[in-house]
Every structure is written in C-alpha cells, then in structure tokens.
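Engineer: This is the structure I have questions about; it appears just below.
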Amino acid sequence: MPELSTKSFSTPPSAERPARPAAGAPHVAIFTDELDWHVERLRKGFARHGARATPVRLAACKIDTARSDALAIPGFHGRLPDACVVRAIGDGSLETITLRLGVLHALGALGVPLVNSARAIERCTDKSTASFLLAQARIPTPATFVTSSRAEALRILRSEAARGPLVVKPLFGAQGWGLKLLHREEDLPTEEEARGVFYLQRFVPPRDVWYEDMRILVSHGEAIGAMRRRSRRWITNVRQGAKPHACEPTPRERELALRAAAALGAEFAGIDIICGADGLPMVLEVNSMAGWSGLQSVTPFQIAERVAGDILGAIAASRRAHG
C-alpha cells in the first residue's frame, strides 16, 4: 500500500495561496490521498473562478444517521460540499473500499454533483465491466476475454495466439503497471499473480518503429485536449517513459472518446485510443480518475482551470434544477 502524504490537508501544497473566495462562493471537496500536483492545480483552478476547494480523504468521511444528511465530510462543518471531484478512492480492504464508494453513492443521492459518480468510477475501474459496456454501445475495442479460470485462460491463449499475442492486465490497475505480453502458454501468470482474474486483450502492434496511442481528455460532454503518446516500448504510458506530443483528434476519434465516456457515465475521463492495422481507431480503456500532467506539458491553456469551470457550471445547473 502506498504511503500517504505527510503534508497537512489544511494548507495548500505550495507557498502560493489562492485568493480568498467571496462569502457564499461554492465550496468543493477534492477526494484525494495526497496533496499532489493535480490537487494543487485544481485548487488554483477553482480559486481563479472564485470558488474554494478543500482536499479530503474519503477514508475520513463517515455515514452518521444522527445528522440531518446522515453524512460527515471533514472540513465542511456539518454542511455538504457544493460538488466533489474524486481524484482517488484509496487502497484498502473490500469493506473499506465499499464504505468509501458508499459515501460517494450517498452524496449522489443527496444531489451533490460528483466528478465522477460512484457508478461511473465502478464501471471504469473494473476493466471487465468497462469492456462489456463499450461492446454493448458498439464502440470498437480490441477483442477482450475475461475469466477467473486459469485453465480457460490457457484455452483462450492457445486459440488466439495464432492471430498474435495477447496482453494480460490487472482488473484494477492504472498507469501501465502490471501489464504483460503473452506469446506462449508459459507466459500466462499464475492465479495468484493474476489475483484470480485473467483479463486478456488482443495486442495491437505498431504500424512503424514507434508504439503509439492517443489520450483524449473529456469534460462534461466535450473533448478538451488530446496528445499522442510515443515510445520505443509497447507500454505507452507517460509515467513509464512515453513522450507526449500535441495533436488534434480526427472527428472519428473525438466521436469515439465522447461515446466511450457517455457509455460509462463519466463526466470527466481520459480515453485511450489506438489505431489498428487498418488505420481505424479503437478504444483501449476509459479512466475516470485520469491524470493530465503529461497532456498539460503540450497544452497551451490550464486544464485544471477548464475542468474547474465545467464543474462550477454543473453546480449552477444543479441549483437551477432544484429551484
């Protein structure tokens, strides 16, 4: 389990403090486990729009039916946030993760705008559910097979290997960690290594010497930024050494990104798209808690400020809807 940040959640993570919001300004919760670059940028982004953002650990929240709203959110003094941005759920047991998601479900039931909702996070985090929903929405993706049986996974590998290698991915994973390329039966992980679930996906080979895919960032129904990620290695995550390059998605790539986010119910998402041998784009996955530091390095505007503005727009729309 990663160590939590030792920085205080009561102060901004940099020496530069945001301007004090006006009385009655929106107060947003950022659910996170550490005060990282993204949280700092979001706090500044909200401050530039005249709002206040407070980092909160989901693990510190609780359900308390003695309260009027039956929820206790640290830093909000008995009130509900005007909106919530979910940057991290945090590690823990099945029970602790269930409780944290329960807090998000409760906030949604109380009408608090969430980016993203508990349901969207569940759908995106569980790669098997995401693959099913993308297929149901007729969104092209590489062929995918999920089973809890290693014997069945071996049968799939034997059947599919003649068409090329498969990739085994952790069911819950991010940033390219834990991926393995399968060429032969002996490449298949053990049940313990796979944590009881074998998520197998058709490997899409590169069309030249570079391995490349695209990340499109979607916010509230619009594609707000995109980059191509290029690497000499087959794993193209920026955290694993891939280089980001600014790009303009084609209309088809933009359409797929928006449809993929909508299929999983995500207001904010990073959609990974790759082109097959025929040059046609396919969706690899949808990330509901996507980072954007790599994309920011090739983007001329502040992404966090745009995202904060979209969330504040959702707050205004919610208030109008509720009179």
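Please treat every number below as a calculation from the coordinates, not as lab data. From a predicted model like this one, the values you see are computed outputs, not experimental measurements. Every residue, glycine among them, receives a Cβ derived from its backbone with ideal geometry; neighbour counts consider all protein chains shown.
Engineer: Return the whole-Å distance between the Cα centroid of region 269-313 and the Cα centroid of region 39-54.
Structural biologist: Computed from Cα coordinates, the inter-centre distance equals 20 Å.
Engineer: Neighbour counts of other C-beta atoms within 10 Å: give me 236, 250 arranged from fewest to most.
Structural biologist: Numbers: 236 25, 250 13.
Ascending number of Cβ neighbours within 10 Å: 250, 236.
Engineer: How would region 144-202 be classified by its alpha-carbon gyration tensor: rounded, prolate or oblate, with rounded meaning a/c under 1.5 and the a/b versus b/c comparison settling the rest?
Structural biologist: Values: a/c = 1.74, a/b = 1.28, b/c = 1.36.
Oblate is the answer for region 144-202, as a/c is 1.5 or above yet b/c matches or exceeds a/b.
Engineer: To continue, here is another question. Taking a threshold of 31 Å on the Cα-Cα distance, which of the pairs 44/169; 62/169; 180/243; 44/243; 127/243 fall above it? Please report the intermediate quantities before stating the final value.
Structural biologist: On the way: 44/169 35 Å; 62/169 33 Å; 180/243 21 Å; 44/243 26 Å; 127/243 25 Å.
The pairs that break the limit, which is 31 Å between Cα atoms, are 44/169; 62/169.
Engineer: Spin-label point model (7 Å from Cα, Cβ direction): what's the residue 95 to residue 68 distance in nm?
Structural biologist: 3.3 nm
Engineer: I would also like to ask the following. Within the P(r) computed for the chain, what percentage of the Cα pairs occupies the region above 32 Å? Mind showing how you got there, number by number?
Structural biologist: Numbers: 16182 of 52003 pairs.
So the portion of pairs separated by more than 32 Å is 31 percent.
Engineer: Could you work out the relative contact order of the chain, using alpha carbon pairs under 8 angstrom and six or more residues apart, expressed as a whole percent?
Structural biologist: Working: 594 pairs, mean separation 53.7, N = 323.
Relative contact order, the chain: 17 percent.
Engineer: So how do 290-302, 118-130 stack up, highest first, on mean other-Cβ count within 10 Å?
Structural biologist: On the way: 290-302: 16.5, 118-130: 19.8.
So the peptides 290-302, 118-130, ranked by packing, come out 118-130, 290-302.
Engineer: While we're on this one: Take 211, 199 and order them by how many other Cβ atoms sit within 10 Å, fewest up front.
Structural biologist: On the way: 211 19, 199 22.
Lowest count first: 211, 199.
Engineer: Could you work out the relative contact order of region 144-202? I mean the mean sequence separation of Cα pairs under 8 Å and 6+ apart, divided by the number of residues, in percent.
Structural biologist: Relative contact order, region 144-202: 51 percent.
Engineer: Now, a different point. I'd like the FRET efficiency for residue 277 and residue 302, computed as 1/(1 + (r/R0)^6) with the beta carbon distance as r and R0 of 41 Å, rounded to 0.05. Mind dumping the intermediate values first?
Structural biologist: On the way: r = 38 Å, r/R0 = 0.92.
Once the sixth-power term is evaluated, E becomes 0.65.
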